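See below for the structure under consideration.
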Amino acid sequence: MLVTRAITALVMIVGLACVLFLAPRALWIVFCAIFAAGAAHEWGRLVGLSRTGGAVFAMAIALYVAILPTLDLPEIYGQVVFAVSSAFWIFLVPYWLWKSAMPASPGIAMVSGALVIAAAATALVALRDAGTWFVLAVLGVIWVSDSAAYFVGSALGRHKLAPGISPGKTWEGVAGAMVFVALYSTAWVHFSDGVLPVAFTGAPMGWVMLMAIMLLLAGLGIYGDLFESYLKRRAGVKDSGRILPGHGGILDRIDALLPVLPVAALLFL
């Protein structure tokens, strides 16, 4: 199982790097649309959509992600989409997790899925337009956060973060994630050359703002992970899918990124 998981992770990393750095913009958009469609299909399964409803929902999300970046829309349109999605994650998702009471309405399920998946995929396109290394800077927040939370939590974890939703997560793991993300943001300030906006790397207190944003993104990533765990527990399944050997489904791999991408696009672009 561990070998399968490692091989799948290596293939995903190499594939992402190739598409991110070598593919033209049109192919990157198609790549994002395909992943969004797969995630939307799994979302439909978790929230109880019918097979037909889930397929239609996935197709609609894919078309939205594929077509929107090609339209000559005012920049404010994208910012509004990212702002609405960010508000959903910052205000509504914590309330649902606290109450363990996401409404079961199919309409709410589909609107929520659009705010979660379509906004994240279009944000990923927008972030790549700002620069490939810029995308890695944002993705790296979650990679560092997840890895630190796992290792620190495994070694020192005593106090459960949300035992009713995800028993493996601890407050010690969260603290470890925040420490390493703070170090990660400091490294970007000192070693990046033109990757991040000058407001963060050139201004006297820019590093403080950058660290605050990256810590916010790390916290949102934890919320994203917990929200998907809540949906899986409510649906009575272990994984969102089986398309990725050793890892489960697409949502299982991108759950932490779903809230991070629109917020990052809103704050950085």
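Every read-out reported here was derived from the displayed coordinates using simple, explicitly stated rules and does not represent laboratory data. Worth saying up front: this structure is predicted, and the values here are computed from it rather than measured. Note that we place each Cβ from the backbone using ideal geometry, even for glycine, and neighbour counts take in every protein chain shown.
A few remarks follow.
- Comparing Cα centroids, the stretch 160-190 and the stretch 15-88 end up 28 angstrom apart.
- Under-5 Å amide H pairs with residue 161, H placed in peptide plane, nonlocal only: 169, 170, 171
- The stretch 205-263 and the stretch 98-153 have their alpha-carbon centroids 5 Å apart.
- Using a simple spin-label model with pseudo-atoms 7 Å out from Cα toward Cβ, residue 71 and residue 59 lie 1.9 nm apart.
- Here the stretch 246-269 is scanned for amide nitrogen atoms under 17 Å from the site 7 Å beyond the Cα of residue 7 along Cα-to-Cβ, giving 246-248.
- Each stretch of four or more DSSP H residues adds -39500 (n - 2.57); spread over every residue of the chain, this sum gives -24000 deg cm²/dmol at 222 nm.
- The order of 100, 112, going from fewest to most other C-beta atoms within 10 Å of their C-beta, is 100, 112.
- Backbone N under 17 Å from the residue 90 label point (7 Å along Cα→Cβ), restricted to the stretch 240-269: 258-269
- Averaging the sequence gap over all C-alpha pairs within less than 8 Å and six or more residues apart, then dividing by the number of residues, gives the stretch 31-145 a relative contact order of 34 percent.
- Sorted fewest first by neighbouring Cβ atoms within 10 angstrom, 32, 18 come out as 18, 32.
- Converting phi to 3J(HN,Hα) with the Karplus coefficients 6.51, -1.76 and 1.60 and the offset θ = phi - 60°, the stretch 109-119 yields 4, 6, 5, 4, x, 5, 5, 7, 8, 4, 5 Hz in sequence order, with x at every glycine or proline.
- Contour excess over end-to-end distance, with Cα ends at residue 17 and residue 158 and 0.36 nm allotted per residue: 47.1 nm
- Modelled this way, with points 7 Å down the Cα-to-C-beta line, the labels at residue 150 and residue 98 are 3.1 nm from one another.
- Rel. contact order, % - alpha carbon contacts under 8 angstrom, at least six apart, the chain: 25 percent
- Counted by neighbouring Cβ atoms within 10 Å, the residues 75, 172, 42 run from fewest to most as 75, 172, 42.
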